[in-house]
1. Looking at G191, G196, can you tell me which residue is among the small types (G, A, S) and within 28 Å of R266 (Cβ to Cβ)?
2. Please go through the stretch 266-313 and pick out each residue that is acidic (D, E) and within 16 Å of ligand 2 (Cβ to nearest atom).
3. Answer yes if at least one residue in the stretch 101-115 is in contact (Cβ under 8 Å) with a residue 60 or more places away in the chain, crowded, with 21+ Cβ neighbours inside 10 Å and away from ligand 1 (no atom under 15 Å from the Cβ), and no otherwise.
4. Give the residue that is nearest to ligand 2 (Cβ to nearest atom), with candidates limited to residues of the stretch 210-231 that are out of contact with any strand residue (DSSP E or B) (no Cβ under 9 Å at 6 or more places or on another chain) and not acidic (D, E).
5. Could you grab me the full set of residues in the stretch 70-86 that are of a type in the set (A, V, I, L, M) and surrounded by fewer than 21 Cβ atoms within 10 Å (Cβ to Cβ)?
6. Starting from the stretch 271-298, keep only residues that are closer than 19 Å to P226 by Cβ and part of a loop (DSSP other than H, G, I, E, B), then list their pairs with residues that are near ligand 2 (Cβ under 10 Å from one of its atoms) and among the hydroxyl-bearing types (S, T, Y) whose Cβ atoms are within a distance under 7 Å, requiring at least 6 positions of separation or different chains.
7. Which count do you get for residues in the stretch 164-195 that are more than 13 Å from ligand 2 (Cβ to nearest atom) and either not in a strand (DSSP E or B) or not polar (S, T, N, Q) (or both)?
8. Mind counting the residues in the stretch 70-91 that are in a helix (DSSP H, G or I) and closer than 12 Å to V4 by Cα?
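Every number in this text was worked out from the coordinates using simple rules, so none of it is lab data. These numbers come from a predicted model, not from an experiment. Don't worry about glycine lacking a Cβ; one is built from the backbone with ideal geometry, like all the others, and counts go over all protein chains shown.
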Amino acid sequence: MAAVFLAGGAGYIGSHTAVELLNAGFEVIAADNFSNSSPESIRRVEQITGKSAVLYEADIRDRKAMTEIFRKHKIDAVIHFAGMKAVGESVQKPVEYYRNNLDTTLTLLEVMREEGCSKIIFSSSATVYGAENPVPYTETMPRGICSNPYGWTKAMTEQILEDAAKADPSLSVILLRYFNPIGAHSSGMIGEDPQGIPNNLMPYITQVAVGKREQLTIFGNDYPTPDGTCLRDYIHVVDLAKGHVCAANYILGMQGVEIFNLGTGRPYSVTEIVDAFERVNGIKVPHVYGDRRAGDLAEFYANAEKAREILHWETTLTLEDMCRDSWNWQKQNPNGYR
Ligand code: NAD
Ligand code: WQD
């Protein structure tokens, strides 16, 4: 049984990935400083799967703590989720974002080298394609100009990992570029638990639906798209999590660096998301149209062929599943894990 270390494993994508890894027979060791999560998520992962995971409260930048974990467990591969991820906040706090998101990676690389672990999968983002590349995005396109410090931390981390693999041919790296993850585990026991006012569309919609916020503002309806609102490639977080299981299996036998888009390849507009949410759940989401949000692109979506061909991974869950499961999580947990 291969053991996978989830750095930042208590978060939204990490906890869903933990479920799928445990279900696939992997051993799961996670560490998190709970800066944007709660240990309760991993407790619930254990309830869902009926299997145990090991969870450490630790900062991934803490070299001593990481060394202890790597000495205690024989770790075959690392999945690096640990990072701050709020785009707007990163503009206000660039130094904190660069410090956290780059140092986590550097500490992991140092400890992995010292302790003999040579496989790392990184949570990157479609944002590294920047504004210059045409859609759909394919992995062979060059990284673009990012519109905010958060995006630059992803582009820089990709570069760091590529350089480290070039210098050390025994190191294998997979860069997973996520598109727009939404949804939750079908049990409604784990899901996305943003602190404060949500930045992202789906948690904002569910908080309006549950009565925590008055109305949704749709940022712009004058884009050059069919209904004037932005197009994105929304992907169910459980499909995304299964992509990590495929990547974990693949990295155990690969050398070098591979990049994979994890998206569906099918874009939806903001209005289509709101309409689908209302239809599937039979609940109204009061909304108004407002100004465009700075930095938003009119559209982006994945070419998802490479992951299908090489990882044998395909998304199976629909927009209706995403809307139903997001709402199921929110209504069962109106205050998240608190
Ligand atoms: P999340 O905030 O729920 O999970 C990140 C986890 O990392 C949190 O549990 C947080 O407490 C932890 N963390 C942060 N810094 C840490 C540190 N120094 N030490 C230990 N733990 C630390 O976010 P998520 O949505 O699950 O995202 C996971 C990863 O995927 C992030 O790197 C994010 O940037 C990336 N990503 C997310 C999205 C998205 O839309 N959710 C899209 C593309 C990429
Ligand atoms: C989706 C659409 C908004 C909120 C971000 C990051 C990206 C990646 C995924 C990490 C856009 C519109 C939103 C609202 C709205 N994350 N919207 N009203 O901006 O596509 O991507 O998350 O890597 O890097 O930038 O996601 O969910 O914020 O927005 O109208 O209150 O919903 O304008 O068109 P985005 P999002």
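1. None of the others qualify; the one that does is G191.
2. First, the residues of the stretch 266-313 that are acidic (D, E): 272, 275, 278, 291, 296, 299, 305, 309.
Once the filter is applied, which keeps residues that are acidic (D, E) and within 16 Å of ligand 2 (Cβ to nearest atom), the stretch 266-313 yields E272, D275, E278, D291, D296, E299.
3. No, the stretch 101-115 has no match at all.
4. Here the residue is R213.
5. Taking the stretch 70-86 as the starting set, the residues that turn out to be of a type in the set (A, V, I, L, M) are 75, 77-79, 82, 84, 86.
Result: M84, A86.
6. Every condition considered, the pairs that remain are A298/Y223; A298/T225.
7. Filtering the stretch 164-195 down to residues more than 13 Å from ligand 2 (Cβ to nearest atom) leaves 164-174, 184-191, 193, 195.
Keeping just the survivors that are either not in a strand (DSSP E or B) or not polar (S, T, N, Q) (or both) gives 164-171, 173-174, 184-191, 193, 195.
Count: 20.
8. Number of matching residues: 1.
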